[in-house]
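Engineer: Handing you a structure now.
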Amino acid sequence: MNRIDQELATLEEAIIHLAQEFQTTYSKYLTFLGQCVGQQLIMAAYRICTQGYPESFLNLSVNSKQQLQQSLRKLAQETQEQLPSLLEQWQESRSATTDDSNHDLDHDSDHDPSHDSENYEMSSSTEDSSWFKAPTEPSPAAELTSNPRNSIEKLEQWLKHLDSGITKTIQDVSVEANRLLHKCSIIPDKFPQEILEAAVKVEASAVETAESPNIIKIMMETKGDRETDESRLTRIIAIKLRLSEIEFAEPNLTPGRNKIRDLLAKMSQLKREYYKKQRQKAVAQAEAAWRASWFDD
């Protein structure tokens, strides 16, 4: 029994070390990913304004063009800061993040979401940006060090939340970029914003991919301006940033992604060994309990 306990303790130390490796790797990866997402966002917006709807963009005044570009640049800059902050949020203690989360809920209930100006400008504060909500979970290394029990499950859950946070952030950036383009009539006004948001969040196979990366085509039935006009199919193009396309366009992201895959493979191996030792311990405990309760007639 003591030998099994020692082997489990060794595995738990290895899992804590692995969690630290995940934190270090993701810290570098998310920092560079934030830069790449910002760059790909601007490129996608450029293609929509110059190739998708050039007439609509030309119809804007010089001031409106500059304001739109400024808002898109600001969104890109905020994204560069917010993706790395996903990891920073997890480096808080559980009690602190719980209190902050409750405070944010109270704050949001009093907050007016219609904070955008007519100039399509974004909020200057990252914390006040309505399109971004950071997850609030503690870092795995700190959590596992203080409470190593069920450590592999905790690490897996942390990674699941982190990946979900990355996906949601990229989706929210796409939604906000399309909102800016829709607000200044680059994307046609007759196309509802709600449908546009839904298209960004559905699986890639459910929408038509355009020739350009991170852009989708949507076909929607629309009615004419008069009641007698027949309905017709209208093609809409919009931004849909995809992690796979961003990583494909940025080879410098490949080493970080490969390192994460290697760590995931290492985690799978540790998981198998950890569960095997737990099983052995349960069997040994059951055998000991049987012997302790057995008596001869």
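The values are calculated or read from the model by the stated rules, or taken from the named source; none is laboratory data. Predicted, not measured: the structure shown is a model, and the values here were computed from it. Quick reminder, even Gly has a Cβ in these numbers, built from the backbone with ideal geometry, and neighbours come from all protein chains shown. Keep in mind that these areas ignore ligands, DNA and RNA; they rest on the heavy atoms of the full protein, side chains included. Shrake-Rupley method; radii C 1.70, N 1.55, O 1.52, S 1.80 Å.
Engineer: Pick out, in residue order, every one of the chymotrypsin sites (Phe, Trp or Tyr not before Pro) in the range 246-297 that is DSSP loop and has at most 11 other C-beta atoms within 10 Å; say none if there are none.
Structural biologist: For chymotrypsin sites (Phe, Trp or Tyr not before Pro) across the range 246-297 that sit outside H, G, I, E and B with at most 11 neighbouring Cβ atoms in 10 Å, the list reads 294, 295.
Engineer: I've got another one for you. So, in nm, how far is label residue 43 from label residue 28 when the simple model puts each one 7 Å beyond its Cα toward the Cβ?
Structural biologist: For the pair residue 43/residue 28, the computed spacing is 2.3 nm.
Engineer: When the convex hull of the C-alpha atoms of the range 7-91 is computed, what volume per residue in Å³ does it have?
Structural biologist: Per-residue hull volume (Cα only) is 91 Å³.
Engineer: How many nm separate the modelled label positions at residue 283 and residue 258, each set 7 Å beyond the Cα in the direction of the Cβ?
Structural biologist: Here the modelled spin labels are 4.0 nm apart.
Engineer: Ok, one more. Go through 296, 189 and list them by solvent-accessible area, largest first, probe radius 1.4 Å. Don't jump to the answer; show the numbers that get you there.
Structural biologist: Numbers: 296 125, 189 100 Å².
My answer, sorted largest first, is 296, 189.
Engineer: Continuing with the same structure: Calculate, for residue 219 and residue 50, the FRET efficiency according to 1/(1 + (r/R0)^6) with r their C-beta to C-beta distance and R0 22 Å; round to the nearest 0.05.
Structural biologist: 0.50
Engineer: Using heavy-atom solvent-accessible surface (probe 1.4 Å) with all chains present, what is the largest-first order of 175, 62?
Structural biologist: From most accessible down to least: 62, 175.
Engineer: Which of the peptides 20-29, 233-242 is most tightly packed, and how do the rest follow, going by the mean number of other Cβ atoms within 10 Å of each residue?
Structural biologist: Descending packing order for the listed peptides: 233-242, 20-29.
Engineer: What net charge do the residues around residue 1 carry, taking every other residue with its C-beta under 14 Å from that of residue 1, with Lys and Arg at +1 and Asp and Glu at -1?
Structural biologist: It works out to a net charge of +2.
Engineer: Assuming 0.36 nm per residue, please report the length gained on full extension of the stretch residue 249 to residue 233 beyond their Cα-Cα distance.
Structural biologist: Gain on stretching residue 249 to residue 233: 2.5 nm.
Engineer: Okay, next question. For labels at residue 163 and residue 290 in the simple 7 Å Cα→Cβ model, what's the distance in nm?
Structural biologist: For the pair residue 163/residue 290, the computed spacing is 3.9 nm.
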